[in-house]
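Here the structure is laid out as structure tokens; the discussion comes afterwards.
The values are calculated or read from the model by the stated rules, or taken from the named source; none is laboratory data. Note that the structure is predicted; figures quoted are calculated from it, not measured. With ideal geometry, Cβ positions are generated from the backbone for all residues, glycine too; neighbour counts draw on all protein chains shown. For accessibility, only protein heavy atoms count, side chains too; no ligands or nucleic acids. Shrake-Rupley method; radii C 1.70, N 1.55, O 1.52, S 1.80 Å.
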Amino acid sequence: MAYRLFEGKGHASIYQKYRFTPPTELKNIIIEYLDKKKGQPHVLAVDLGCGTGQNTRLLAPCFQKVVGIDISDCQLEEARAVPGYPNITYSKGPAEELPFPDGSVDLLTAASAAHWFDREKFFVEANRVLKPRGCIALLGFSDPNTKLKYKDCGDKLDHIYQGVKRVLAPYTSNPAIEAEGKLEGVFSAIPFPDKERIESFRVKNLISVRHLLGFIETWSMFQGYKKKDPKSAEDLLVNTQKRFLDEMGVTSLDTEIEQHFEYFCLLASK
Ligand SMILES: C[S@@+](CC[C@H](N)C(=O)[O-])C[C@H]1O[C@@H](n2cnc3c(N)ncnc32)[C@H](O)[C@@H]1O
């Protein structure tokens, strides 16, 4: 059964606005891995669960052709609306049934998406479409170690942030728990013996209060809460925004906070 949590137009448009592009340095590590295992040429990369295309666009300069795949029409509509990437195409469909011939793909990626896939079916399909020594890179960010910093009130901002996560905890699905655990179970299930993981790739973002609230709004657990109780979900955002601004002693939503968090990446070669 596919999880259909990212379908709405509203959700897709906040995705385009507030989701982060993975760090370029992490993308470089993935490309170096591909070079080491399979080598040149870099013909075709496929970004699965591409959403609004942040990771897909990051890959574009490194391949002759990049295809973004997602099950959500609304997410794809947002992705297609971004101009300037002539070698990217987007296609609707599940990661478990890919529209590519056997042995035709150099790199398969999934950014913050692999936890939603049917593992067994996905790995059978990955094995089918990858070229010999072709690679998989499943990346994401893991939030439990996120730290916020603004002048001397970082601890208080962390406390507010963790409070939001506690309210949303009952709406956290099993796949989202797997993502928080850096895809431990997915890693064990990768059928290729040649696999490794980057446990922690720390990044620092400067993020406005507005963007941080928008990012929270993109979470599947927030969307679950909003579906069940739209008024309380809206109140949670409004109150959190107020608490952040009060602690920081500012009024502008454009005030920037340092956000320290970590990415992880599972790498494997066929
Ligand atoms: C959390 S979003 C991540 C989007 C994007 N990769 C990013 O980094 O922001 C997960 C995406 O995976 C898609 N998705 C979920 N299950 C899928 C499946 N079985 N096959 C393809 N896409 C799927 C959803 O529609 C959604 O756009």
>> For a quick check: with amide H placed at 1.01 Å from N, whose amide H comes under 5 Å from ARG133's, ignoring anything fewer than 5 positions away on the same chain?
In response: LYS270
> How high is the relative contact order of the range 74-158, in percent, with contacts defined as C-alpha pairs under 8 Å that are six or more residues apart?
Replying inline: 28
>> Report, to one decimal in Å, the Kirkwood hydrodynamic radius for the chain based on all distinct Cα pairs.
In response: 19.2
>> Using the Cα centre of the chain as the reference point, and only Cβ charges (+1 on K/R, -1 on D/E), how large is the resulting charge dipole? Debye, rounded to the nearest 20.
In response: 180
>> Apply the Karplus curve 6.51 cos²θ - 1.76 cosθ + 1.60, θ = phi - 60°, to the phi angles in the range 156-165 and return the couplings in whole Hz, x for Gly and Pro.
In response: 5, 5, 4, 4, 5, 4, 5, x, 4, 5
>> Can you tally the net charge around TYR225? Count Lys and Arg as +1, Asp and Glu as -1, for every other residue whose Cβ sits under 14 Å from the Cβ of TYR225.
In response: +2
>> Taking the 0 to 90 degree range and rounding to the nearest ten, how far is the long axis of helix 230-248 tilted relative to the main principal axis of the chain, both from C-alpha atoms?
In response: 70
> Taking only C-alpha pairs under 8 Å that are 6+ residues apart, what is the relative contact order of the range 113-270 in percent?
Replying inline: 45
> Mind checking the angle between helix 209-218 and the chain's longest principal axis? C-alpha axes, 0 to 90 degrees, to the nearest 10.
Replying inline: 50
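If you average the sequence gap of Cα pairs under 8 Å that are 6 or more apart and divide by the length of the chain, what percent do you get for the contact order?
Values: 484 pairs, mean separation 60.6, N = 270.
Relative CO of the chain lands at 22 percent.
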>> Based on alpha-carbon centroids, what's the gap between the range 118-141 and the range 187-241 in Å, whole number please?
In response: 24
> Out of every Cα-Cα pair in the range 119-270, what percent are more than 25 Å apart?
Replying inline: 41
> What are the ³J(HN,Hα) values, in whole Hz, obtained from phi via the Karplus relation 6.51 cos²θ - 1.76 cosθ + 1.60 with θ = phi - 60°, for each residue of the range 93-99 in sequence order, with x given for Gly and Pro?
Replying inline: x, x, 4, 8, 9, 9, x
> What is the Cα convex hull volume of the range 107-184 when expressed per residue in Å³?
Replying inline: 100
> What number, in nm² with one decimal, is the all-direction average of the projected area of the convex hull of the alpha-carbon atoms of the range 171-244?
Replying inline: 6.6
> Using the beta-carbon distance between SER104 and LYS165 and R0 = 41 Å, what value does 1/(1 + (r/R0)^6) give for FRET efficiency, to the nearest 0.05?
Replying inline: 0.50
> How much solvent-accessible surface does ARG202 expose, in Å² to the nearest 10, with a 1.4 Å probe and all protein chains in place?
Replying inline: 120
> Tell me, what ³J(HN,Hα) does each residue in the range 28-39 have, in order and in whole Hz, if you take phi through Karplus 6.51 cos²θ - 1.76 cosθ + 1.60 with θ = phi - 60° and put x for Gly and Pro?
Replying inline: 4, 4, 5, 5, 4, 4, 4, 5, 5, 8, 10, x
> Out of every Cα pair in the range 68-200, what percent are spaced more than 17 Å from each other?
Replying inline: 68
> Relative to the first principal axis of the alpha-carbon coordinates of the chain, what is the inclination of helix 119-129, with its axis defined by its Cα atoms, in degrees from 0 to 90 and to the nearest 10?
Replying inline: 40
> Given the protein chains as shown and a 1.4 Å probe, how many square angstrom of VAL238 are accessible, to the nearest 10?
Replying inline: 80
> Taking a threshold of 25 Å on the Cα-Cα distance, which of the pairs LYS17/LYS226; LYS37/LYS204; LYS165/LYS227; LYS27/LYS131 fall above it?
Replying inline: LYS37/LYS204
> How big is the C-alpha Rg of the range 157-199 next to the rule-of-thumb value 2.2 N^0.38 Å, as a ratio?
Replying inline: 1.58
